[in-house]
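K.L.:
Structure below; questions to follow.
Coordinate-derived values only; no laboratory data. Fair warning: this is a prediction, and the values are worked out from it, not measured in the lab. Here the Cβ positions follow ideal geometry from the backbone for every residue, glycine too, while neighbour counts run over all protein chains shown.
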Amino acid sequence: MEREPYAGLATTFDTVAELYERVRPRYPAALFDDLALSAGPAPGARVLEIGAGTGQATRGLLERGWSVVALEPGRELAAVARRVLAGRGDVEVVVSPFEAWEPRDREPFDLVLAATSWHWLDQRTAFSRAADLLRPGGSLAIVATEHVAPPDGDDFFRVVERVYDEVGMGDGKGGPVPPEEVPAPDVAAMAGSGRFGQPIVHRYVTSREHTAEEYLALLSTYSGHIAATPQQRATLFAGIRELIAARPRGTVRKHELNLLQVARRTR
């Protein structure tokens, strides 16, 4: 069964909008360099961003001089985005799911971007709707984000799996995999939609070191952790805090992979 757009776990982020803005990482600058090269929009180009959150990717778009319409279905997230993006460039933040939004004019976009939001959309219509909003030759860019474990990565994330298992939140995967083992999830679907050419794929691995409290704050913005029962969350966070406190530096280093997939609309 297809997921209904902006329902269930997709709505959880709006309950932690201020924390989301404070702790969620930004996207690497190289991603926007490659986006400009792959998609080719010039300064002043029109961009439609899907699921903007509080503007984690929007900042990079505006720094390129692009004009952005940022769709965000969460009212609280959109309110924070309007505040933090004010004065940064030509941006309009609209409270709406992608599936329900109707543009005020018929002027097409040069680029449609979904940064870590595409998987929440109605996959039955997402590609065709994005294509319809683009000019001929315009581009669709999808960013997927995955927690990964490079060879020199932190083994904390393997050890902590037992705590997740104990509270019934384990996923059975045994921890994150190396970045090279993560497939680009939307390549086949983009090319197979009949509306886009073969995507170009770029990969970026970044890392951040967190204290226990910083890491728990980050986890508090993840949909599965927000939706957990208070007892699950309290037990899980206590276990994580204890494991980190026992480490020599009292920190963990988390690696993330950003996958950028860009394809041009076919004529």
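K.L.:
Enumerate the calculated ³J(HN,Hα) couplings along region 153-162 in order (Karplus 6.51 cos²θ - 1.76 cosθ + 1.60, θ = phi - 60°), each rounded to whole Hz, writing x wherever the residue is Gly or Pro.
P.N.:
Couplings: x, 7, 7, 3, 6, 7, 5, 6, 4, 5 Hz.
K.L.:
In whole Å, how far is the Cα centre of region 184-208 from that of region 104-122?
P.N.:
15
K.L.:
If we count other beta carbons within 10 Å of each Cβ, what is the order of 229, 125, fewest first?
P.N.:
Going from sparsest to densest Cβ surroundings: 229, 125.
K.L.:
Around residue 109, which amide H atoms from residues at least 5 apart in sequence, or from another chain, sit under 5 Å from its own amide H, with H modelled in the peptide plane?
P.N.:
Amide H neighbours of residue 109: 134, 135.
K.L.:
Further, regarding this structure: Hey, got the Cα dimensions of region 145-207 along the principal axes, in Å, largest first?
P.N.:
On the principal axes, region 145-207 reaches 45, 27, 14 Å in Cα extent.
K.L.:
Work out the charge dipole of the chain with +1 on the Cβ of Lys and Arg and -1 on the Cβ of Asp and Glu about the Cα centre, then indicate which of 115, 80, 42 is farthest towards its positive end.
P.N.:
Selected residue: 42.
K.L.:
Which of 107, 92, 256 comes first, and how do the rest follow, when ranked by fewest Cβ neighbours within 10 Å?
P.N.:
Ranked by crowding around the Cβ, least crowded first: 107, 92, 256.
K.L.:
Additional query: Who wins for biggest fluctuation among 90, 33, 152 in a Gaussian network model of the chain, springs between alpha carbons below 10 Å?
P.N.:
152
K.L.:
Can I ask one more? I'd like the antiparallel share, as a percent to the nearest 5, of DSSP beta bridges with both residues in the chain.
P.N.:
Just about 55 percent of them are antiparallel.
K.L.:
Here's a follow-up. Quick check: the angle from helix 29-39's long axis to the longest principal axis of the chain, C-alpha only, nearest 10 degrees?
P.N.:
That works out to roughly 30 degrees.
K.L.:
Can you work out the Karplus-derived ³J(HN,Hα) for every residue in region 82-92? Use 6.51 cos²θ - 1.76 cosθ + 1.60 with θ = phi - 60°, whole Hz, and x for glycine or proline.
P.N.:
These are the phi-based 3J(HN,Hα) values: 4, 5, 7, 8, 4, x, 8, x, 7, 9, 10 Hz.
K.L.:
Near the amide H of residue 196, under 5 Å away, which other amide H atoms are found, from residues 5 or more places off or on another chain, if H is placed in the peptide plane?
P.N.:
Those qualifying (amide H under 5 Å, at least 5 residues apart or on another chain) are 266.
K.L.:
Let me ask something else. Given Cβ point charges of +1 (Lys, Arg) and -1 (Asp, Glu) and nothing else, what value in debye, to the nearest 20, does the dipole of region 93-156 about its Cα centre take? Working shown, then result.
P.N.:
Values: 5 positive and 11 negative charges, 92 e Å.
Dipole size: approximately 440 debye.
K.L.:
Check which residues have an amide H placed less than 5 Å from residue 117's amide H, if you skip close sequence neighbours.
P.N.:
Amide H neighbours of residue 117: 143.
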